[in-house]
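S.K.: One structure, as structure tokens, below. Some questions next.
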Amino acid sequence: MSILGAFIVPHPPLIIPDIGGGEERKIQKTVDSYHQIAKQIADLNPDTIVITTPHTILYSDYFHISPGQGAEGNFERFGAKQVSFSTEYDEIFVEELEALAERRQIEAGTLGEKDPSLDHGTMVPLYFINKYLKDYKLVRIGLSGLSVLDHYRLGRCIKETAHKLNRKIVFVASGDLSHKLKEEGPYGFAKEGVEFDEEICQAMKKGDFLKFLTFSSDFCEAAAECGHRSFIIMAGALSGLKVEANFLSYEGTFGVGYAICAYKIIGEDDERHFDIIFEKEQIRTAKEKQKNEDLYVKLARLSLETYVRTGKFPEIPDNLPEEMIKNRAGVFVSLKRHGELRGCIGTIQPVTNSLAQEIIRNAVSAGLEDPRFPPVSEDELIDLVYSVDVLSEPEPVSSIDELDVKRYGIIVSSGRKKGLLLPNLDNVNTVEDQISIAKRKAGIYKNEDIKIERFEVVRHY
């Protein structure tokens, strides 16, 4: 078996005694668990350790694999320059993985390295592993803004590469859980943080990697986690394998969740290809929702599907109600795929002669012109879920007491900078959150004067 074992680990620098200065004893369970899994890794004696880390180079549309013969690093930025590392990369593995990812149409490779030095998401695990194991090579891989399925499928490429090269590997998924467990923690408190840690720890304990794929990006962002997608790549590397989970510890002493879990490979299991299961379920769910779409959403779907397939806007259907033909309003069209946002474009004020035309225009723009995403392909149309928000006329507010995150969307402006946030969004729980996000979208700084307007929407599914 090419994959000998896999491990989920956190990466708090203070766990290093030279940095923690005794504070590390407050998370002694994590320290003890780290030593335990490091010994396990040494006993497995891998040729190569594959480590995924959220703190190396990260791109929105590309997985970065560290190139070259090796890298060095130290904890200087944490006040411990004397704790240093030098590691040798498995260049043959990296070359084969990059080629396989290209064949699988996964955007991954060694281009675009800005800083070759080792990151703390890599060095913290190596600090413990190196105490027990000396002779190994490393493959270091960053995360990306690509979909959860892309992360899982990159993991499958890692498994296939190890098999092809007959390389004995251990997978280390480096990542902390929520950073919002306590008010006095580094990012404050959010209830989603506690919920995220409880749910993902349960999934770890059960080896339920399908659950990893179902966490929404909004939920993960609200929890301020950093390891989720690292764990998904690991899950992909274990695809089709039966595993035995050993959940060693969880601590949230400092307001950040630290979990350690080891996975022993005990055989093969064709029912554990979770990317296939997940995609089938998402397509089924999308089809169920399509059956109940109202005319606003049906028009949005017709518009994007027609344009993607023909390059032309559709004719306005004859069966639309009078309100869609005669009324004018700002409209936002949102697309989701596999539970994640896939595009959202809209107009605050109407720019066409009717609601129908506004929907047609913005549906196509949401699919093809949202700068955060590549254009929607024809293959993706089958499992897109649409929503259409029709906006009321914005009105100024003089106090945040006039706002309500469930009822009102907001427009925050400062000079020419303007940010809009729709109402009743997942994980936007307070007016303060709503204003902060709208300001961030607009690029408005904390010290700038702002004007706030509110609006209501009618949301169509």
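S.K.: Using 0.36 nm per residue of separation minus the Cα-Cα distance, give me the extension gain between residue 446 and residue 81 in nm, one decimal.
M.R.: 127.9 nm
S.K.: Compute the length gained on full extension between residue 424 and residue 218: take 0.36 nm times their separation in residues and subtract their Cα-Cα distance, giving the result in nm to one decimal.
M.R.: Between residue 424 and residue 218, full extension yields 72.9 nm more.
S.K.: Same structure, new question: Probe radius 1.4 Å, ligands and nucleic acids left out: which of 163, 35 has the largest accessible area, and how do the rest follow? Walk me through the numbers on the way to the answer.
M.R.: On the way: 163 140, 35 50 Å².
I get 163, 35, largest accessible area first.
S.K.: For region 197-301, please report how many Lys pairs fall under 13 Å Cα to Cα, leaving out neighbours fewer than 8 apart on the same chain.
M.R.: Within region 197-301, the lysine pair count is 6.
S.K.: What is the calculated FRET efficiency for residue 43 to residue 103, with r their C-beta to C-beta distance and R₀ = 35 Å, to the nearest 0.05?
M.R.: Numbers: r = 34 Å, r/R0 = 0.98.
Working from the Cβ atoms, E equals 0.50.
S.K.: Send over a whole-number figure in Å² for the accessible area per residue of the chain, probe 1.4 Å. Mind showing how you got there, number by number?
M.R.: Values: 21360 Å² over 461 residues.
For the chain, the per-residue accessible area is 46 Å².
S.K.: From the protein chains alone at 1.4 Å, what is the descending order of accessible area for 456, 244, 305, largest first?
M.R.: If we order 456, 244, 305 from most to least accessible, we get 244, 456, 305.
S.K.: Right, another one. At 1.4 Å probe size, what's the solvent-accessible area of residue 392? Round to the nearest 10 Å².
M.R.: 50 Å²
S.K.: Something else now. In nm, to one decimal, how far is the residue 110 label point from the residue 195 one, both placed 7 Å along Cα→Cβ?
M.R.: 4.4 nm
S.K.: Then there is this: Multiply the residue separation of residue 377 and residue 432 by 0.36 nm, subtract the distance between their alpha-carbon atoms, and state the gained length in nm to one decimal.
M.R.: My answer for the length gained is 16.1 nm.
S.K.: Calculate for the chain the 222 nm mean residue ellipticity that helices alone would give, adding -39,500 (n - 2.57) per DSSP H run of length 4 or more and normalising by residue count, nearest 500 deg cm²/dmol.
M.R.: Rounded to the nearest 500, the figure is -11000 deg cm²/dmol.
S.K.: For region 2-77, taking Cα atoms only, what is the radius of gyration to one decimal and the Dmax to the nearest whole Å?
M.R.: For region 2-77, the Cα-based Rg and Dmax read 15.1, 40 Å.
S.K.: When the solvent-accessible surface of protein heavy atoms is calculated with a 1.4 angstrom probe, in what order do 225, 432 fall, highest first?
M.R.: 432, 225
S.K.: Return the FRET efficiency for the residue pair residue 397, residue 322: r is the Cβ-Cβ distance, R0 is 45 Å, and the value is rounded to the nearest 0.05.
M.R.: So the FRET efficiency works out to roughly 0.90.
S.K.: Each label point is 7 Å from the Cα along the Cα-to-Cβ direction; what then is the distance between the points at residue 211 and residue 183, in nm?
M.R.: Taking the simple label geometry, residue 211 and residue 183 are separated by 3.0 nm.
S.K.: Same structure, new question: Within the accessible area of the chain, what % is carbon and sulfur when the probe is 1.4 Å and the other protein chains stay in place?
M.R.: Within the chain, the accessible surface is 47 percent carbon and sulfur.
S.K.: Which of the aspartates and glutamates could a cross-linker span from residue 29 if the Cα-Cα distance has to be under 16 Å and same-chain partners fewer than 8 positions apart are dropped?
M.R.: Leaving aside aspartates and glutamates fewer than 8 places away in the same chain, those within reach of residue 29 are 176, 251.
S.K.: Rolling a 1.4 angstrom probe over the protein chains, ignoring ligands and nucleic acids, what is the accessible area of residue 312 in square angstrom, nearest 10?
M.R.: Surface open to solvent at residue 312 totals about 140 Å².
S.K.: Which distance in Å, rounded to a whole number, links the C-alpha centroids of region 384-461 and region 237-285?
M.R.: 37 Å
S.K.: Can you give the accessible area of residue 89, probe radius 1.4 Å, in Å² rounded to 10?
M.R.: Its heavy atoms expose roughly 10 Å² to the probe.
The values are calculated or read from the model by the stated rules, or taken from the named source; none is laboratory data. Not measured: the values here are computed from a predicted model. Positions of Cβ are generated from backbone atoms using ideal geometry, with glycine treated the same way; all protein chains shown enter the neighbour counts. These accessible areas exclude ligands, DNA and RNA; they are computed on the full protein's heavy atoms, side chains included. Shrake-Rupley method; radii C 1.70, N 1.55, O 1.52, S 1.80 Å.
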